[in-house]
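Please read the structure below before turning to the comments.
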Amino acid sequence: ACKERFTLTRFTAKRQRGKDMSNALTLERLYTAISKGEALHALLITGLEGSDSNKAAHGAAAVFLFGTNDSKRLDGFADFLVLGPNKISVSDIGSLQKELSAKPLTGRRAAVFLEAHKMRAEAQNKLLKILEEPPPKTLFILEGAEAGLLPTILSRCLIVRLGAEPLESILSELSGVS
């Protein structure tokens, strides 16, 4: 439990010695762990508005599937599955379960759940059964808020907390916009 607790906190963007650790550093650490096979089989990427958790979830899937965070490669890729952002139902999870019972076409598979916190408890319980006995070479990436997810779901996930980008980064981006 201690090792897992350390793993869960080391990917948190936080203030350290008066400076913000950027989301880029947090994601670099996450992507490195994924590429080395050190991440759990399920992730929850969460963050403040403006933290690009959706983009980070797609980047994590790309790293897992291709070894690079080029999420453009995910378009039309057979072993990349996306559920949401509309409410994810029990039948959606059932369809996913059927899809996951087949062997991946390319050797690995990634499933992203956008706005996972909006799932009803029934759908989360069905997802929990998959997370408890995950298919091999499959990465589950939940994107959304921690609030609204069952504690049992959270306990199966590596939680990646993104902060809003530092004010300097935002101002620098805005200064380039006319």
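R0 = 30 Å: FRET efficiency of VAL90 with GLU146, Cβ-based, nearest 0.05? The partial results should precede the final answer.
On the way: r = 22 Å, r/R0 = 0.72.
Taking R0 as 30 Å, the efficiency between VAL90 and GLU146 is 0.90.
On average, how much accessible surface per residue is there in the range 13-126, in Å², for a 1.4 Å probe, leaving out ligands, DNA and RNA? Show your work: numbers first, answer last.
Details: 6350 Å² over 114 residues.
So the range 13-126 comes to 56 Å² accessible per residue, rounded to a whole number.
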*Output the pairs from LYS55/LYS98; LYS103/LYS129; LYS55/LYS87; LYS72/LYS129 with a Cα-Cα distance over 21 Å in this structure; if there are none, say none.*
LYS55/LYS98; LYS72/LYS129
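What is the extension gain from SER101 to ASN125, computed as 0.36 nm multiplied by their sequence separation minus the C-alpha to C-alpha distance, in nm to one decimal?
Working: separation 24, 0.36 × 24 = 8.64 nm, distance 1.81 nm.
Computed gain between SER101 and ASN125 is 6.8 nm.
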*By average Cβ neighbour count within 10 Å, what is the ranking of 27-34, 86-93 from highest down?*
27-34, 86-93
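The values are calculated or read from the model by the stated rules, or taken from the named source; none is laboratory data. Note that the coordinates shown come from a computational prediction; the quantities given were computed from them, not determined experimentally. Heads up, the Cβs are rebuilt from the backbone with ideal geometry, glycines too, and the neighbour counts pull from every protein chain shown. For the accessible areas, the whole protein counts, side chains as well, though only heavy atoms, and no ligand, DNA or RNA atoms are used. Shrake-Rupley method; radii C 1.70, N 1.55, O 1.52, S 1.80 Å.
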